[in-house]
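Notes follow the structure.
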Amino acid sequence: MTTLENATKRSNLADTSPALDYGRADWRSALSHSLNRMGSTGMAQLTGTVLVVDSDTEAGGRLKDLLMGEGLGVRAVGSGKEALESLESRPFDVLIVDRTLSDLRGAELMGEVLERFPETAVVLAAAGASAPEAVEALRAGAADFVQKPYDRDELVFVLQKVLEAAARHVEDPPAAAVPSGLLPSSSPAMIEAMALLDRAASGTALVLVRGESGTGKELVARAIHDKSPRAGKAFVKIDCASLPETLLESELFGHEKGAFTGAVAKKPGRVELADGGTLFLDEIGELTLPLQAKLLRLLQDREFERLGSTKTTKVDVRVVAATHRDLETMVERGTFRQDLFYRLNVVPLWLPPLRTRRDDIELLAQHFCKTFGRANGKSGIGLDQAALRALRGQRWPGNVRQLQNFVERLVVLNESGQITEADVRAELGKQVRFVTQPGSGTMAPLRSGTQAGAVERPASMVGPLSAELHAAEKKALERALRQAKGNRSLAARLLGVGRSTLYAKLEEHGLL
């Protein structure tokens, strides 16, 4: 599919209410005022921005009015081209796209958005959406799906769920694309883990993938599915840490019409959508005790009930779970059920952190360099031996994911075709903690000649901590914009934040 990288940017401000005119300096206060009231559905008031894409401009206009009535910032466009132009001009939290568009199919637009604007959640809309359509949408990367004609309560419920999930991860840097299959390794521990993976994949036993964040647990889960007899069926993922208990139960098991406010139609859950395939439960350690009991029944009896139903549904689903938590300690403290732990821990598969397999750092760095070189039109780019040694000398507390993102940054910014030790050291020296990023105080900075986050100025000029942090943050923003040559999407990626956060910070520091 041809991308619309060079499409003419349009502001389309006529399609946005005055209070939500992004070009005005007071848009934030106007939006904040409109969000202080409670929604008519009785749920917590929605907060965020939505881009509606529907070739039926009348239906799109009605949906826009409905969502604005819930306090959301909304823009409505009638084609895939206009949608991409709008996303290029400013960030949106959610895209609601009709499956049938005049210029692009909804699924095609969704793929384009997920590739170019990964921080935007996509909700696919279809008339009389069925379970097979839902499966395809979720497999393709949709956050959820809704039925047409649009129903207010269902939309509010779905958007509340999607926006709450996005809010929990709004500062997470988008995962860079990696090739399908497993990453290269010469580590005996990883080779042993992959051998166990091959043996476990051919069976039906539960697999519990364990390891620190960033070690590649989801990649392993997908490999188990792809190597299994279920490879041709659905691989359905749910992040147990991204949703509150009430929404997570509905997301897992589905609901009947009228089960709660917003349940205007029967809807299958992820368990049902994974029937015949694989269900990946990421961050299983975040489940509450009541949900642990319901999951245990599913694992033991292969049956469940939708919310609001007394009918038992049988499923044939293989479960792969993952966690970075110490489940044994949680069992001792009573926060994780012992019987569920034993049921999950049939085949435990441990992924060692990158710091314990230092030989893999050079292999992975070369692999990522080659991959991102091809993706960015720099197929001949490489890392010299001194650069590889410099990378090997770092701790990489974020594991493979951190190394991956760092090498991608080196590739994107390099202009010579060869990444040297000087390039690596220079980039390490630019690592500044972005003070609005959750966890920035606990993430160990990369080692370099200068402490990460330090601001070079005479001691006599040191001011209050808040002022120092504010100044460092502005410098980080300015440097990122310079390195990205004004490309704000790339600048956000370099800083490891979402575009929404970047725009807010640029406005705060007077850099817009």
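The numbers here are math on the coordinates, done by the rules we state, and not lab data. Everything numeric here is computed off the predicted structure, so don't read it as measured data. So basically every Cβ, Gly included, is an ideal-geometry build from the backbone, and we count neighbours across all protein chains shown.
Using the Cβ of ARG297 as centre and a radius below 14 Å, the other residues enclosed give a net charge of +1, where K and R count +1 and D and E count -1. Of the peptides 250-260, 339-349, the ranking by mean beta-carbon count within 10 Å, highest at the top, reads 250-260, 339-349.
Full extension of the chain segment joining GLU218 with ARG199 gains 5.1 nm, where the gain is 0.36 nm per residue of separation less the Cα-Cα distance. Taking a spot 7 Å from the Cα of ALA293 along the direction of its beta carbon, which residues of the stretch 219-262 have an amide N less than 20 Å from it? Those under the cut-off are 244-255. Paramagnetic label reach from GLU245 (point 7 Å along Cα→Cβ; backbone nitrogen cut-off under 12 Å): within the stretch 296-329, no residues. Each of ARG389 and SER416 was given a label point 7 Å from its Cα along the Cα-to-Cβ line. The distance between the two points is 1.6 nm.
Peptides 212-220, 474-482 ranked from most to least packed give 212-220, 474-482, packing being the mean of other C-beta atoms within 10 angstrom over each peptide's residues.
Computed 3J(HN,Hα) for the stretch 345-350, one whole-Hz value per residue from the Karplus formula 6.51 cos²θ - 1.76 cosθ + 1.60 where θ = phi - 60°, is 8, 5, 10, x, 10, 9, glycine and proline marked x.
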